[in-house]
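The values are calculated or read from the model by the stated rules, or taken from the named source; none is laboratory data. Fair warning: this is a prediction, and the values are worked out from it, not measured in the lab. Neighbour counts are summed over all protein chains in view; Cβ atoms, including those assigned to glycine, are modelled from backbone coordinates with ideal geometry. To get the accessible areas, we keep the full protein, side chains included, count just its heavy atoms, and leave off ligands, DNA and RNA. Shrake-Rupley method; radii C 1.70, N 1.55, O 1.52, S 1.80 Å.
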Amino acid sequence: QVQLVESGGGLVQAGGSLRLSCSASGRTFSGYATAWFRQAPGKEREFVAGKDWDGRSTYYADSVKGRFTISRDNAKITVYLQMNSLKPEDTAVYYCAKYQGQGSYYQFNSYDYWGQGTQVTVSS
């Protein structure tokens, strides 16, 4: 089992920044890619950013490229999402997830462990 716990969400004005963290415990996600997804009310869960275990490849949704940065500290078993220039349309519950090892990085059903989510609200 892997337990993922997100933190760092909150309320911020448009143009502001937040840094989300995702800490792992239990059997770690060592050797696996991790990603951030988000889900706004009434919408499907969507891919935001992902990173390979070795850090060689990073993936971003077009809507966040140039504004969000995913990073991970493998020693601390923590994944981060630095979010800058936030927009009201970034408002959602943000989830971190562990890649199961097969399937598209961009599809939520390619991930087998999820955190409980952290709310991000961007006011205009």
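Measuring with a 1.4 Å probe in the full set of protein chains, what accessible area per residue, in whole Å², belongs to the chain? Before the final figure, lay out the partial values.
Working: 6310 Å² over 124 residues.
Result: 51 Å² of accessible area for each residue.
Using a Förster distance of 22 Å, how high is the FRET efficiency between residue 57 and residue 100, based on the Cβ-Cβ distance and rounded to 0.05? Could you put the intermediate results ahead of the total?
Numbers: r = 17 Å, r/R0 = 0.76.
Approximately 0.85, to the nearest 0.05.
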> Taking Rh as the Kirkwood radius computed over C-alpha pairs, what is the Stokes-Einstein D of the range 1-90 at 25 °C in a medium of viscosity 0.890 mPa s, expressed in µm² per second?
Replying inline: 178 µm²/s
> What is the set of long-range amide H partners of residue 10 at a cut-off below 5 Å, with H atoms built 1.01 Å from backbone N?
Replying inline: 120, 121
> How large, in percent, is the carbon and sulfur part of the accessible surface of the chain at a probe radius of 1.4 Å?
Replying inline: 45 percent
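Over the range 51-111, what lengths in whole Å, largest first, do the semi-axes of the equivalent ellipsoid take, defined as the square roots of 5 times the eigenvalues of the alpha-carbon gyration tensor? Before the final figure, lay out each step's value.
Details: eigenvalues 82, 46, 26 Å².
Taking √(5λ) for each eigenvalue gives 20, 15, 11 Å, largest first.
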> Which whole-number percent is the relative contact order of the range 25-91 (Cα, under 8 Å, 6+ apart)?
Replying inline: 24 percent
> Of the trypsin sites (Lys or Arg not before Pro) in the range 43-115, which ones lie in a loop per DSSP and count no more than 13 other C-beta atoms within 10 Å?
Replying inline: 43, 56, 65, 76
> Which chymotrypsin sites (Phe, Trp or Tyr not before Pro) in the range 15-124 pass both tests, a DSSP loop state and at most 14 other beta-carbon atoms within 10 Å?
Replying inline: 106
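Loop-only GluC sites (Glu not before Pro) in the range 1-66, please: DSSP not H, G, I, E or B, and at most 15 other Cβ atoms within 10 Å.
Numbers: sites: 6, 44, 46; in loops: 44.
Sites meeting the loop and neighbour criteria: 44.
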